[in-house]
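Shown next, in structure tokens, is the structure this report addresses.
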Amino acid sequence: MLPYEALETLARERLPSAVFDYYAGGSGDESTLAANSAAWARLRLRPRVLRDVSSVDTSTTLLGTPLSSPILVAPTAFHSLAHPDAELATARGTREAGSLLVLSSRSSRRIEDVASAAGPWWFQVYVFRDRGLTRALVQRATAAGARALVLTGDTPYVGHKRRNRGDSTLPLPEQDFLANLEGLTHRALAEQAPDVTFQDIARLREDSGLPVLVKGVLRADDARECLHHGAAGLIVSNHGGRQLDGALATAEALPEVVEATQGRVPVLVDGGVRSGRDVLRALALGAHAVLLGRPVLWGLATGGAQGVRQVLDSLREDTAHVLALAGLPRLSDVGADVLAPLKP
Ligand code: FNR
């Protein structure tokens, strides 16, 4: 892969500045945004020697779905801002890379159209103020072949971004904003419900019959509560530094969430994962897989489906390379011993 910074620079050149800022930015002072990548970089690796790494296998299985690597595509909104083929291109590129797409509730193309271009995919759920609307979306996603739901738990309200004052500055046609919400009488009904609770996990499971993962978990007590209410997996995330600014980095939160689940469900993590080294660090802290937000958007902006595929392929290849240099030919070789103890 192009180093992440070079890819981001290319995307910045390609995109209108309001769009680049919407994608790249975080909430508040952007301190959590910066903390995410810094926290991965702080973790030093302890490579093993003389381990025959002539063949390295990055493949894995997640909730029954075989994948080329433990690298997934995080849900991000409004891909038509990045490329005219929008989520259709993201879905194609992801499928060709042997990865899995988590499709945002706020996609700019219809669920059914994205599904027909996609390989395995999960549907990210924002519980909207209009719960009937939420249920209808979930039923459409289920009928279209989503294999799981991802309930985003960290967005009772949308975090305030410093670089953008709301979506109104974005060149986003109304039909893209409401791609999945035709017939909606008022935009306000498609705002997030601030009264979403753990009870919604079971409700979503009943409405869909699908496993429900919860995204945005940063604490052991919340992790336990999610499991108690039937979550099939957890995603440690601070929304890429776009919700509560000052929230801890995901690399800092991951160990307590992993410990709380005691191996009962898969734990995924996102936020600032930019290299094979970061993937290895996440796995060493106990994650089963990672998700990429902005790198996929930059791939989409610079090369459409092919760009998305390149980002995923090259991160998978970089992960294989790093595993080889660390003396870890199989993902099952990765354990906590790969990390050096943190110096104060
Ligand atoms: C997001 N994210 C997000 N999450 C979600 O659950 N639903 C959504 O619609 C969106 N939309 C969205 C838009 C944009 C522009 C960004 C950057 C992020 C959060 C996303 O799923 C993920 O948690 C972070 O992007 C991961 O961090 P990195 O890889 O971007 O650092």
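The values are calculated or read from the model by the stated rules, or taken from the named source; none is laboratory data. Here the structure is a predicted model, which means the values were calculated and not measured. As a convention, Cβ positions derive from the backbone with ideal geometry for all residues, glycine included, and neighbour counts pool all protein chains shown.
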Which is hydroxyl-bearing (S, T, Y), within 22 Å of L312 (Cα to Cα) and surrounded by fewer than 16 Cβ atoms within 10 Å (Cβ to Cβ), of S108, S55? S55
Exactly one of these conditions fails for Q306: (1) within 27 Å of D85 (Cβ to Cβ); (2) surrounded by 24 or more Cβ atoms within 10 Å (Cβ to Cβ). Give me its number. (2)
Take the residues of the range 111-129 that are part of a strand (DSSP E or B) and modelled with pLDDT of 95 or more: which is surrounded by the most Cβ atoms within 10 Å (Cβ to Cβ)? F123
Filter the range 1-29 down to the residues that are among the acidic types (D, E) and out of contact with any strand residue (DSSP E or B) (no Cβ under 9 Å at 6 or more places or on another chain), then identify the one that is farthest from A253 (Cα to Cα). E13
Quick one: in the range 140-150, of everything that is more than 9 Å from the ligand (Cβ to nearest atom) and under 16 Å from the mean Cα position of the chain (by Cα), which residue is nearest to R129 (Cα to Cα)? L149
Matching residues in the range 130-161 - criterion: being in a loop (DSSP other than H, G, I, E, B) and β-branched (V, I, T): T155, V158
Give the residue, chosen from R242, R203, that is out of contact with any Ser or Thr (no Cβ under 6 Å at 6 or more places or on another chain) and among the basic types (K, R). R203
Being of a type in the set (D, E) and part of a helix (DSSP H, G or I) is the filter; apply it to the range 243-296 and report the residue that is surrounded by the fewest Cβ atoms within 10 Å (Cβ to Cβ). E259
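Residues are listed down the side, and each one gets a yes or a no for (1) crowded, with 17+ Cβ neighbours inside 10 Å; (2) at pLDDT below 85; (3) hydroxyl-bearing (S, T, Y):
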| position | (1), (2), (3) |
| --- | --- |
| G145 | no, no, no |
| V150 | yes, no, no |
| G159 | yes, no, no |
| T169 | no, yes, yes |
| A179 | yes, no, no |
Heads up, the helices (runs of 4 or more DSSP H) in the range 1-93 (entirely inside) with at least 3 residues that are within 11 Å of the ligand (Cβ to nearest atom) are 17-24, 31-42
Residue satisfying condition, being under 22 Å from G98 (Cα atoms) and within 16 Å of the ligand (Cβ to nearest atom), within set V269, V236, V257: V269
Being at negative phi and either more than 16 Å from the ligand (Cβ to nearest atom) or of a type in the set (A, V, I, L, M) (or both): is that true of R109 here? no
Are any of the residues in the range 207-216 assigned to a loop (DSSP other than H, G, I, E, B), out of contact with any strand residue (DSSP E or B) (no Cβ under 9 Å at 6 or more places or on another chain), over 25 Å from E5 (Cβ atoms) and away from the ligand (no atom under 11 Å from the Cβ)? yes
Kindly provide the set of residues from the range 83-134 that are touching a strand residue (DSSP E or B) at 6+ places or on another chain (Cβ under 9 Å), of a type in the set (D, E, K, R) and under 26 Å from R14 (Cβ atoms), ordered by number. E87, R95, R106
